Amino acid sequence: MPVTTATLAAYFDPFEAAAEAEQVARVLAPLATSVETTADPVEAEALLAARRLALPALERLGRPLIEDIAVPRSRLAEAVREFRAISARHDVPAHTLAHAADGNLHPIIVVDPTLDRLPDAAREGAGEIFALALRLGGTLTGEHGVGVLKRQWVADELGPTAHALQRRLKEAFDPRGILNPGKTPVRHLGSDTAERVRPSDPGVVREHVRLACASTAVRSHHSS
């Protein structure tokens, strides 16, 4: 695989897979440095294996902080460029992989595994990524849920009315606070969280994304 700034892998179900792969390859050809297609199951599985090994490869660099924001597909490129800018701004390694088909992106910040706490730079970078998702019309989480790290931003996504309703539901079913103690959603912080993140100059980023799954595959590389 050549050195690139982005790799896009597309997998298609067997039904009309060849025709769909040909159409995608035709669309990608003017935009990509190279486009490769295969109908060979072994080669297709090798492409999928490379995708599966992306995270283990990052784990060799350090402890990955895996996030899962989602944005409209029309704003995927903008999101990835912003990840690169956030990474540079906070001097933290950040990598992006999966899943272009539904706009769900995994921006992964890699930190020193010997540290006993998350560095401030990594936490601040993650915060800018969450705010970016909301500013682009997306969501804090496409798969994994809010969790502890993102709960101070969930109020900005839900808005004060919906967030207050969530708190009332929690209080109704758990008036003594004994269920998952200490994890009550924080109070609404206002919309200025997202406003503090400003667009940066466009950049490029090494990105690994995939579409759907199955037998016939198309792979394209883009280096600028």
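Could you tell me which GluC sites (Glu not before Pro) in segment 90-189 are loop residues by DSSP with no more than 10 other beta carbons within 10 angstrom of their beta carbon?
When the GluC sites (Glu not before Pro) of segment 90-189 are filtered for loop state and at most 10 Cβ neighbours within 10 Å, nothing remains.
Would you mind checking which residues have amide H under 5 Å from Val111's amide H? H placed 1.01 Å from N; only 5 or more apart, or other chain.
Arg63, Leu65
If only Cα atoms are counted, what is the Rg of segment 48-93, and what is its Dmax, in Å?
Considering segment 48-93 through its Cα atoms, Rg and Dmax are 12.7, 33 Å.
Can you list residues whose amide H is under 5 Å from Thr96's amide H, if they're 5+ apart or on another chain and H is modeled 1.01 Å from N?
Ile108, His208
Taking only protein heavy atoms into account and a 1.4 Å probe, give the accessible area per residue of segment 25-69 in Å².
Accessible surface, normalised per residue, equals 64 Å².
Could you state, as a whole-number percent, how many of the C-alpha pairs of segment 129-174 are farther apart than 14 Å? Walk me through the intermediate numbers first.
Numbers: 557 of 1035 pairs.
Summing the P(r) tail past 14 Å for segment 129-174 gives 54 percent.
Within segment 21-149, what whole-number % of the accessible surface is contributed by carbon and sulfur, with the 1.4 Å probe and all protein chains included in the calculation?
Exposed carbon and sulfur together represent 55 percent of the surface.
Over all distinct alpha-carbon pairs, what is the Kirkwood Rh of segment 66-139 in angstrom? Mind dumping the intermediate values first?
Values: mean 1/r = 0.0811 Å⁻¹.
Answer for segment 66-139: a Kirkwood hydrodynamic radius of 12.3 Å.
For segment 1-55, what class follows from the C-alpha gyration tensor (a ≥ b ≥ c being the square roots of its eigenvalues): rounded when a/c is under 1.5, otherwise prolate if a/b is larger than b/c, else oblate?
Numbers: a/c = 2.15, a/b = 1.10, b/c = 1.96.
The shape class here is oblate.
What trypsin sites (Lys or Arg not before Pro) does segment 59-128 have in DSSP loop regions with at most 12 other beta carbons within 10 Å?
Loop-located and lightly packed - Arg60, Arg117.
The values are calculated or read from the model by the stated rules, or taken from the named source; none is laboratory data. Just so it is clear, the structure is predicted and the values come from calculations on it, not from any experiment. We place every Cβ from the backbone using ideal geometry, glycine too, and count neighbours over all the protein chains shown. Surface accessibility is based on the protein's heavy atoms, side chains included, excluding ligands, DNA and RNA. Shrake-Rupley method; radii C 1.70, N 1.55, O 1.52, S 1.80 Å.
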